[in-house]
């Protein structure tokens, strides 16, 4: 077991029943954990992973409203997104007992050193730092004196209305590219607009929807039967809000790569992620390919956008009757797959 996993595993197994584990996407690496406390996560796959191990878990957008007060310790392996880290640290600090401790795990190049400095300065806390190989660190934080620090410009968990490139949408912290229009998704919709004629009878799935950009743009093209799914609780909240505003009547569901979806679709749209936590995860692209194959109707089409270096064609070769590249631009490629 890697040093990081061993340390985190030991900390979790030593924790009392009155402990909290904030399990971000990096927790997928941990198996056979005997954790007696409460775990909360914003990732549906992690939620299922924890439940399968018999751990008491809650799936939400890191909502601490139902977390008990006066907890003995909180444990968190820092996430990739700065906003998530700041929100969790501050929220955990408010839930700790007077002698409670917050344990943070992460490496120097992931930003744990800068987090330590910020906590010490802004929260007047005592910090003990343990250093291990590969720049891995564990922070033990206690004696926190300040918990009203406003670290984020807008409250975490609050939807915001944004306007980017004359495109209005609702989004929030915790979603990848939450305040942007992804260039890859933009190229995918350009191909959709030039390739497909609107058909109100066509059923469409936005797989890995983020805040729902592809769904919104597909509705603007004239399609009406659109479902959307994502693994991220923040994405589900934002997409549902955008569905309401744009009068999209389809379902928005939290799921791990649509594993619990048994419908069949004429069209699937996807700008898939290829990372879990800080790691490039090769199996994730394979997982999306098999999900698309399973969910497409016979002769249905999937339209995928990804970085040009990702070998989607090789992964899809034995699953689909035809594979064609519709566009290559700005480091992306748009690929059409026929069932």
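Scan the strands (runs of 3 or more DSSP E) fully inside segment 109-213 and keep the ones with 1 or more residues being in contact (Cβ under 8 Å) with a residue 60 or more places away in the chain.
Output list reads 136-142, 167-171, 203-207.
Residue 67 fails exactly one of the following numbered conditions: (1) crowded, with 20+ Cβ neighbours inside 10 Å; (2) assigned to a loop (DSSP other than H, G, I, E, B). What is the number of that condition?
(1) is the only condition that residue 67 fails.
Scanning for something in contact (Cβ under 8 Å) with a residue 40 or more places away in the chain, out of contact with any helix residue (DSSP H, G or I) (no Cβ under 9 Å at 6 or more places or on another chain), part of a helix (DSSP H, G or I) and over 20 Å from residue 156 (Cα atoms), does segment 46-59 turn up at least one residue?
yes
Looking at segment 164-174, which of its residues are within 19 Å of residue 219 (Cβ to Cβ) and either within 20 Å of the chain's Cα centre (by Cα) or in the same structural domain as residue 78 (by TED's automatic domain parsing) (or both)?
We begin by selecting, within segment 164-174, every residue within 19 Å of residue 219 (Cβ to Cβ); these are 164-171.
169, 170, 171, listed by residue number.
If a residue must be crowded, with 19+ Cβ neighbours inside 10 Å and not in a strand (DSSP E or B), how many such residues does segment 70-82 contain?
Filtering segment 70-82 for residues crowded, with 19+ Cβ neighbours inside 10 Å gives 71, 73-79.
Restricting the remaining residues to those that are not in a strand (DSSP E or B) gives 78-79.
Number satisfying all stated conditions: 2.
The values are calculated or read from the model by the stated rules, or taken from the named source; none is laboratory data. For clarity, every value in this text was computed on a predicted model and none was experimentally measured. Note that each Cβ is placed from the backbone with ideal geometry, even for glycine, and that neighbours are counted across all protein chains shown.
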